[in-house]
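Written out below as structure tokens is the structure these notes cover.
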Amino acid sequence: MVTLAPPSPALVQAVPLLILVLGFLHCGPPAVGAQNDTEPLVLEGKCLVVCDSAPSAEPSSSGGALGMSVRSGSGRVAFSAVRNTNHEPSEMSNRTMTIYFDQILVNVGGHFDPARSIFVAPKKGVYSFSFHVVKVYNRQTIQVSLVLNSWPVLSAFAGDQDVTREAATNAGLVLMERGDKTSLKLERGNLMGGWKYSTFSGFLVFPL
């Protein structure tokens, strides 16, 4: 019969350190500068590293068992359009009352339709819009509205009779549902010249 001697106190103290070292080798060294990384880290084993300081508000379809979300470019929505020329055919804005913008500066996500000059919301959220519509040599008042599904939500006018160049301009936040449409409408007056200095812009502030 063999009698085993009890472990020495030094060996007992060394066991937790050995376990810690083995866990370090299994998981790998901690990420350096992970707060500034834009790519998500892959979770391996039981090591959990959170590297995204500003995660997306939307849950990821591949979040895994932990339900973690990762930053995605799919939520970025923005557009900006301008008039390319001073004049337009008579069958456009002065007849349909829709103000058209034929040159696209930015259309992230492709949700602004340049043919109809209509923005379609891809998701429910708070959106920011601004517009600047110029009239030239037109001694009358023009009124321009940002319409949401054909209903005016923001309006502006230009009606000074003593100036040759004036702009109807406004900006604000709008709550939109998915599929809602916004555009600019000429509520009053006629647009003649000066269009080249007119702009229409918007972007998604945050989804809901």
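The set of residues in the range 109-134 that are open to solvent by 10 Å² or more (accessible area, probe 1.4 Å) and on the phi > 0 side of the Ramachandran plot comprises G109, G110. Take V106 and decide whether it is open to solvent by 50 Å² or more (accessible area, probe 1.4 Å) and within 22 Å of R178 (Cα to Cα). So V106 fits the description; yes. Checking L146, L175 one by one, the residue that is open to solvent by 20 Å² or more (accessible area, probe 1.4 Å), outside any loop (DSSP other than H, G, I, E, B), closer than 27 Å to R76 by Cβ and out of contact with any helix residue (DSSP H, G or I) (no Cβ under 7 Å at 6 or more places or on another chain) is L175 and no other. Looking across A158, A115, one residue alone is more than 11 Å from S183 (Cα to Cα) and out of contact with any strand residue (DSSP E or B) (no Cβ under 9 Å at 6 or more places or on another chain). It is A115. Taking the stated definitions as given, is L186 out of contact with any Cys (no Cβ under 8 Å at 6 or more places or on another chain), assigned to a loop (DSSP other than H, G, I, E, B) and closer than 14 Å to I99 by Cβ? When the stated conditions are applied, L186 does not pass them. With respect to the stated conditions, K196 fails to be assigned to a strand (DSSP E or B) and either touching a residue at least 12 places away in the same chain (Cβ under 8 Å) or surrounded by fewer than 17 Cβ atoms within 10 Å (Cβ to Cβ) (or both). What is the one condition in (1) at pLDDT below 85; (2) surrounded by 13 or more Cβ atoms within 10 Å (Cβ to Cβ); (3) part of a loop (DSSP other than H, G, I, E, B) that D160 does not satisfy? In the conditions (1) at pLDDT below 85; (2) surrounded by 13 or more Cβ atoms within 10 Å (Cβ to Cβ); (3) part of a loop (DSSP other than H, G, I, E, B), D160 misses (2) alone.
For the range 68-103, how many residues are among the basic types (K, R), surrounded by 15 or more Cβ atoms within 10 Å (Cβ to Cβ), modelled with pLDDT of 65 or more and under 24 Å from K124 (Cα atoms)? Don't jump to the end; show me each part of the working.
If we filter the range 68-103 for residues that are among the basic types (K, R), which is where we start, we get 71, 76, 83, 95.
Now drop any that are not surrounded by 15 or more Cβ atoms within 10 Å (Cβ to Cβ), which leaves 71, 83.
Next, only the ones that are modelled with pLDDT of 65 or more stay: 83.
Now drop any that are not under 24 Å from K124 (Cα atoms), which leaves none.
Counting residues in the range 68-103 that are among the basic types (K, R), surrounded by 15 or more Cβ atoms within 10 Å (Cβ to Cβ), modelled with pLDDT of 65 or more and under 24 Å from K124 (Cα atoms) gives 0.
Of the listed requirements (1) open to solvent by less than 10 Å² (accessible area, probe 1.4 Å); (2) outside any strand (DSSP E or B), R139 misses just one: (1).
With the requirement that a residue be of a type outside the set (S, T, N, Q) and at pLDDT 95 or above, what does the range 114-136 give you?
Applying the first criterion (of a type outside the set (S, T, N, Q)) to the range 114-136 yields 114-116, 118-127, 129, 131-136.
I118, F119, V120, A121, P122, K123, K124, G125, V126, Y127, F129, F131, listed by residue number.
The values are calculated or read from the model by the stated rules, or taken from the named source; none is laboratory data. Only a predicted model underlies this, so the values are computations on that prediction, with no experimental measurement involved. FYI the Cβ positions are ideal-geometry reconstructions off the backbone, even for glycines, and counts take in every protein chain you see. Only protein heavy atoms, including side chains, enter the accessible area calculation; ligands, DNA and RNA are left aside. Shrake-Rupley method; radii C 1.70, N 1.55, O 1.52, S 1.80 Å.
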